1. Does Ala110 meet the test of being more than 19 Å from Val75 (Cβ to Cβ), among the aliphatic types (A, V, I, L, M), touching a Gly at 6+ places or on another chain (Cβ under 8 Å) and at pLDDT 95 or above?
2. Just to be sure I understand, how many residues within the range 115-149 are part of a loop (DSSP other than H, G, I, E, B), buried (at least 19 other Cβ atoms within 10 Å of the Cβ) and on the phi > 0 side of the Ramachandran plot?
3. Could you please find all residues in the range 158-192 being without any contact (Cβ under 8 Å) to a residue 12 or more places away in the chain and in a loop (DSSP other than H, G, I, E, B)?
4. Kindly indicate which of Val196, Val139 is in contact (Cβ under 8 Å) with a residue 12 or more places away in the chain and either within 15 Å of the ligand (Cβ to nearest atom) or hydroxyl-bearing (Ser, Thr, Tyr) (or both).
5. Please determine, by comparing only the residues of the range 77-114 that are within 13 Å of the ligand (Cβ to nearest atom) and not in a loop (DSSP other than H, G, I, E, B), which one is surrounded by the most Cβ atoms within 10 Å (Cβ to Cβ).
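The values are calculated or read from the model by the stated rules, or taken from the named source; none is laboratory data. Keep in mind that what you see is a predicted model, and the values were worked out from it rather than measured. Here Cβ is always computed from backbone atoms with ideal geometry, including for glycine, and neighbour counts include all displayed protein chains.
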Amino acid sequence: ARLVVLVSGAGTNLQALLDACADPAYGAQVVAVGADRSGTGGVERAERAGLPAFTRAIPDFASRDAWDEALTAAVAAHEPDLVVSAGFMKILGPRFLARFGGRTVNTHPALLPSFAGAHAVRDALAYGVKVTGCTVHFVDEGVDTGPVIAQETVQVRRGDDEESLHQRIKRVERRLLVDVVGRLARDGWTVQGRRVSMKSSDS
Ligand code: GRF
């Protein structure tokens, strides 16, 4: 399966996918990487891997709609089977979702629906939860509101700050994202309402 990965930051989730794709049995390959800003670690990792990388930054466009259209066209040029938002920090627009909704997954560093939004780890810590985690879900028109595909828990430790907790979550998140993307890519899935079933597992 052809994957396009969208990034905004360091790109460690992207790197985990690139490493997994090196095994032909994984059944997917990253064909391009897109970013919403220049100079991200994710784009550097793509270039190091010899992959096409494109940047579509909102300030470069006359309107959010124009950005939505440009991002959609840039992704479509690579004919993905699955789009993976790996720390992409922009809300995908209606044109993008019309084209790729239903086959775009996002990874979020909290147990949705708890702590949706851009500061999930900080919010969970501030709330004082004892257990948090990460979620891989399909993207819909909301913010972190699409159907849940898989989740995994992470214990909050005494003395955790946002950085230490996020790093611990990211270790679990990278493994969960690689596992889920591989299963979706190899075996497919079904969705009934909000319930997602991956064909390759009982989850
Ligand atoms: C991930 O934890 C993702 O869930 C969140 O931002 C982080 C991105 O990390 N939105 P990276 O860029 O993949 O290292």
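1. The answer is yes for Ala110.
2. The number of residues fulfilling the criteria is 2.
3. Arg158, Gly159, Gly188
4. Result: Val139 is the single residue among Val196, Val139 that is in contact (Cβ under 8 Å) with a residue 12 or more places away in the chain and either within 15 Å of the ligand (Cβ to nearest atom) or hydroxyl-bearing (Ser, Thr, Tyr) (or both).
5. Val84
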